[in-house]
Every structure is written in C-alpha cells, then in structure tokens.
Amino acid sequence: MYYSLYIHVPFCQGGKCDYCAFYSLGASTPELRHRYLNRLEGEFSEHSAACAPLRSIFLGGGTPSALASGELTRLFSSVRRHFTLAPDCEWTMEANPDSLTSEKLLAALEGGMNRLSLGVQSFQPHLRQRLGRRGNLEALPELVALARRHGLKHLNLDLIYNIPGQRISEWQSDLGNALDLAPDHLSCYSLTFEENTPLARRLVPDDDDAFFLQCWQHNDDVLAAHGLPRYEISNFAAPVNRCRHNWEIWHGQTYLGCGPAAVSFDGKDRPANPANLASWLAHAPPVHDRLPPHARQREIFAFAFRTVDGWPWGLLETTLGLSRAMVQDQPAIQDLCRTGLLVLDGAGIRPTRRGLLFNDEVLCALL
Ligand code: SF4
C-alpha cells in the first residue's frame, strides 16, 4: 500500500542548468507534453488501487512550472480523479520563479497545491552565472505575494551554498534575502559536483572545509533565530512546517513514483522507471532493486539519521519492529555512540550535531 505519490515532470524551460543531474529535457513541445500527460494518466490508472488515501503528493522534476497552465490544471484534476486524498494531504509543487507565471500559480493553487517550493539557488547574479543556473528572479517577490494572497500555506525556497569562490558575506546576504520573503521552510544544499555535468567539467570543487563549516554554523545560528531550526542535513523549518513527504520517506514510508525516472518504494522493492522519456512513453519496464529483508531493514534504519529526530522508539517499533533492547547492544551502534555521532536515551536514538555533519560515516558504519 502506498501512502505518498511522487510525480516526475521531465521538462525544464530554456535549457539545463550546468550543475543538474536530474533527468529532464531542456525544451519541449505541446505535443510532447500532451503525450507525457496521457501516459502519466495511464500510470495513475494502473497503480491507484494500490494507494491508501494519500498523505502527501510531490510534484517535482525537472520543473513542473515548465508545463502550461492548462496542462497543470489537467494534471491536478487527473490526480484528484484517480486517487483519494487524506483531508490534510500535503501537496507540494516545485517551480522555477522564471517559468512560473501568475496564471500557472493560480492554476496550481486551484488544483489543490498547498506547498510551493521555489528554486532560487542564489540571489547573486554572478553566482547564478557560475552555477550555470538558467533564468532570473525578477518575478519572485510578486509571485510570493500573489501566492500568499491566495492562501498558500507553506512556502519553501531552495538555496545552494559552498560555490567555488563564494564569500561568506555573499552566503549571509543570500540567507537574508531569502528570509525577507518570510518562507516557512528553507532547503540549503551544499553544492555537489555531479559526474558528467557541465559544472563538473568547468569548475573544480574548493577543498575548503573551513568555508563549508562556517556556512553550516551560520545556517544553524541564523535560521534557528528566525524560527527555522535545522531538522535534516539540508532542511530548516519549525516542526509544524517540516516537509511531510520527505520526512516520511526518510523514515521508510512507502510511495508511488510516476513519470520517467520516478522511483517507487513498496516497503521491499524500489522499482525505478526508465530515465528516458521515449522509453517510458513506450512502456519500458522499471528496473527493480530488490534487497533481502534484512538489508532493506538496515537501509531504512540508517537513512533516518539524516534527520535530527533519528528514530523515536515508538516509531522504530511500528516501522521496523525494532525495540530499544534490540538496537542498543549492537556493536555498530555502541561504536557510533562512543565516538559521539549518535546519542541514545529514553526518547529514541538520533544523530548528534557531529553525526549530522558526518552523516556519511554513520551510513558507512550501519550499511
Ligand atoms: S531547473 Fe532544476 S531540474 Fe531543470 S535543469 Fe535546472 S536544476 Fe535541473
């Protein structure tokens, strides 16, 4: 049974950004988008019976705002036709401020979107250029104001830091500009150089851990003071505004993925749709990632240590059937507690500040 739905929109507008490794096409035609929506509806029909009332829907990509307003209306109503939504279903749409017109924004709000995630990345034109980030932010303040006027409940802004050559004052200014828009949620990603991207061919990562640590500390201090404490490696929000979709995925919840490159998880298997629009349109089958139950359990257990809560004991018991007694005597857990990466107490088991910072070490020890 799936509790969440992810929909991958494989289009962007005006080309691809230099750092991006997500599957998407930099241009599309109305005809191609029509075929995409037809096939997507086929996928909805095929799988909707396996879905419980949805607790969250995430429309990502790619760039959902690369769809025309009429296409967005069609997509939203198609989701409503095929699935039952829980009364408090969180419905996120990612958008690029450059391609999100007021008409598209209103179509999404009318369709049921209640969480908007805007890809800002940087407010500084020269850093956007260094990243090879397409588009501009001219429309951003008016879009945010319009969304709020029409009752948008949750606003997230995506930012990128640790860009080669970036100064701390520039990152501080980016955070300040973001906070001026009064978001409920911020995602701050340290730049990663994904293989085979134009960015990885053009720039060399700074080996300056000191700069990364300075930004990390600044994020903790400034965002907590503005009511947005860190709750995951790259995510900041008050508990009530955490992204439910991602939080549940980090804790092993099941989800259905539709669209090319979308991955599903049924508790055992992670089938991935082909990361190729033509193959997906031609009904190429997903690639399966089946693990023995014990390995899958370990994977789910380890993944939650991305979050500050880790595993509260009650949730660990209901999700994985593991009790405190079954966990606390494991040598790997004892080592991680001894080295100060995890902490275990009456509430649960969770990462320390260092454990979040060195999440790779936690994963390495547990997987
Ligand atoms: S808009 Fe987003 S999905 Fe599209 S190329 Fe840029 S980073 Fe990638």
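Structure notes:
- Within the stretch 270-298, if we keep just the residues that are out of contact with any helix residue (DSSP H, G or I) (no Cβ under 9 Å at 6 or more places or on another chain) and not in a loop (DSSP other than H, G, I, E, B), the residue that is surrounded by the fewest Cβ atoms within 10 Å (Cβ to Cβ) turns out to be HIS294.
- Scope the stretch 161-209; condition among the acidic types (Asp, Glu), loosely packed, with under 14 Cβ neighbours inside 10 Å and free of Cβ contacts under 8 Å to residues at least 60 places away in the same chain; matching residues: ASP180, ASP207, ASP208, ASP209
- Qualifying positions in the stretch 260-300 - within 27 Å of LEU363 (Cβ to Cβ) and small (Gly, Ala, Ser): ALA261, ALA262, SER264, GLY267, ALA272, ALA275, ALA295
- Selection within the stretch 301-319 - crowded, with 20+ Cβ neighbours inside 10 Å and either under 16 Å from LEU367 (Cα atoms) or not charged (D, E, K, R) (or both): PHE301, ALA304, PHE305, ARG306, THR307, GLY310, TRP311, LEU316
- Enumeration of residues in the stretch 246-271 that are on the phi > 0 side of the Ramachandran plot and in contact with a strand residue (DSSP E or B) (Cβ under 6 Å, 6 or more places away or on another chain): GLY259, ALA261
- Qualifying residue in the stretch 74-91 (condition: assigned by TED's automatic domain parsing to the domain that holds ARG201, buried (at least 20 other Cβ atoms within 10 Å of the Cβ) and within 16 Å of the ligand (Cβ to nearest atom)): no
- Number of positions in the stretch 55-77 that are in a loop (DSSP other than H, G, I, E, B) and over 16 Å from the mean Cα position of the chain (by Cα): 2
- Qualifying residue in the stretch 30-47 (condition: modelled with pLDDT of 95 or more, within 19 Å of VAL263 (Cα to Cα), within 16 Å of the ligand (Cβ to nearest atom) and in a strand (DSSP E or B)): no
- Exactly one residue out of LEU32, LEU118 is within 13 Å of PHE11 (Cβ to Cβ) and hydrophobic (A, V, I, L, M, F, W, C), and it is LEU32.
The values are calculated or read from the model by the stated rules, or taken from the named source; none is laboratory data. Model, not experiment: these values are computed from the prediction. Glycine gets a Cβ as well: all are built from the backbone with ideal geometry, and neighbour counts include every protein chain shown.
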